Amino acid sequence: MKRFLLCLILALSACSYSLDARAESLVVGLMNVDRPPYFWKDDAGGYQGIFIDILHELKKETGIHFIYKALPMARLRLYMVVGKVDVEMGIDPQWRTARNEAESSIYSEPFMESKEVYVIGASKGNFDYARNVPSAGKFCGVLGFNKPKFVGETYRQALLSEAQLLKMINKNRCDYTVMPYDAFRYLKEGQIYNLTTSKPIATYKLRMRLHKQKAELLPRVDAALARMKKDGRLAALLQKYN
């Protein structure tokens, strides 16, 4: 009887070890500033937002654990290339076309769309509304973000966050920027800004960007996203932030 119990304990231990061995943890890089509605830190120091809710659902579906690491955007992109970060959320492959980024990345199926707009001072006359483009002025962007191709380096001022961009434009220290309309809508809420936006200039399909060394997990992620789309959970989650 003792021998049977010993064998049973060893068998259960082996089973538990096997399950633990299959458990995966991925490091998710997030900017070290809030980007509502995508992610932000609450008063308790935890993360909230669209991307966080999606990752919580993916954890339930796949068993993958996600560990958040806050970094400046430029460093986040570098860490993705060298494999110090495993995941970057909400990326369209068009934004990561540099050779080292393209070669080190794989992407999930899209989980949401994002419309980008110009943000300008509402009282300024430096925007061509007929052509939906700025007619003049100084462009400002976030350090580590891509910029419009027509903007020269002499007109670019790199700031640390989209919240800073809105303040700079409102104070007439910058003339315009480009950002997701969802981000503009959230950041403007509760603020007295004399700002407006253009019509959408592009629509992007946002995906989970993974480092290629984690390629074996992509089918599990895609299958989970497909289930979330089919049963309506993903749509309900996104609707919370509209």
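The values are calculated or read from the model by the stated rules, or taken from the named source; none is laboratory data. All of these numbers come straight from a predicted model, not from anything done at the bench. When we count neighbours, we look across all protein chains shown, and the Cβ atoms used for this are built from the backbone with ideal geometry, even at glycine. Accessible surface is based on the protein model in full, side chains and every heavy atom, while ligands, DNA and RNA are left aside. Shrake-Rupley method; radii C 1.70, N 1.55, O 1.52, S 1.80 Å.
Remarks
- Ala44 vs. criteria in a loop (DSSP other than H, G, I, E, B), under 30 Å from Arg173 (Cα atoms) and either in contact (Cβ under 8 Å) with a residue 24 or more places away in the chain or open to solvent by 50 Å² or more (accessible area, probe 1.4 Å) (or both): no
- Qualifying positions in the stretch 88-115 - in contact with a Pro (Cβ under 9 Å, 6 or more places away or on another chain), open to solvent by 20 Å² or more (accessible area, probe 1.4 Å) and hydroxyl-bearing (Ser, Thr, Tyr): Tyr107
- Close pairs (7 angstrom Cβ cut-off, 6 or more residues apart or separate chains): modelled with pLDDT under 90 in the stretch 153-167, crowded, with 16+ Cβ neighbours inside 10 Å and part of a helix (DSSP H, G or I) anywhere: Leu159/Leu165; Leu159/Met168
- Inclusion of Glu61 among residues that are modelled with pLDDT of 95 or more, farther than 19 Å from His211 by Cα, of a type in the set (D, E, K, R) and surrounded by 13 or more Cβ atoms within 10 Å (Cβ to Cβ) is warranted.
- In the stretch 48-67, the residues that are under 13 Å from the mean Cα position of the chain (by Cα) and assigned to a strand (DSSP E or B): Gln48
- Some residue of the stretch 151-162 being surrounded by 12 or more Cβ atoms within 10 Å (Cβ to Cβ) and assigned to a helix (DSSP H, G or I): yes
- Within the stretch 188-226, considering residues that are among the hydrophobic types (A, V, I, L, M, F, W, C), at pLDDT below 95 and open to solvent by 30 Å² or more (accessible area, probe 1.4 Å), the one nearest to Val28 (Cα to Cα): Ile201
- The residues on offer are Met73, Met80, and the sole one that is modelled with pLDDT under 95 and under 17 Å from the mean Cα position of the chain (by Cα) is Met73.
- Filtering the stretch 47-77 to residues that are touching a residue at least 24 places away in the same chain (Cβ under 8 Å) and of a type in the set (Ser, Thr, Tyr) leaves Thr62, Tyr68.
- Matching option when the condition is in contact with a Lys or Arg (Cβ under 6 Å, 6 or more places away or on another chain), modelled with pLDDT of 95 or more and closer than 23 Å to Asp222 by Cβ, among Val27, Val87: Val27
- Taken as a whole, the stretch 76-87 holds no residue that is among the basic types (Lys, Arg), surrounded by fewer than 15 Cβ atoms within 10 Å (Cβ to Cβ) and assigned to a helix (DSSP H, G or I).
- For the stretch 39-51, the criterion of being in contact with a helix residue (DSSP H, G or I) (Cβ under 9 Å, 6 or more places away or on another chain) and closer than 17 Å to Asp222 by Cβ is met by no residue.
- Restricted to the stretch 116-135, and to residues there that are in a loop (DSSP other than H, G, I, E, B) and within 18 Å of Leu166 (Cα to Cα), the residue that is least open to solvent (accessible area, probe 1.4 Å) is Asn126.
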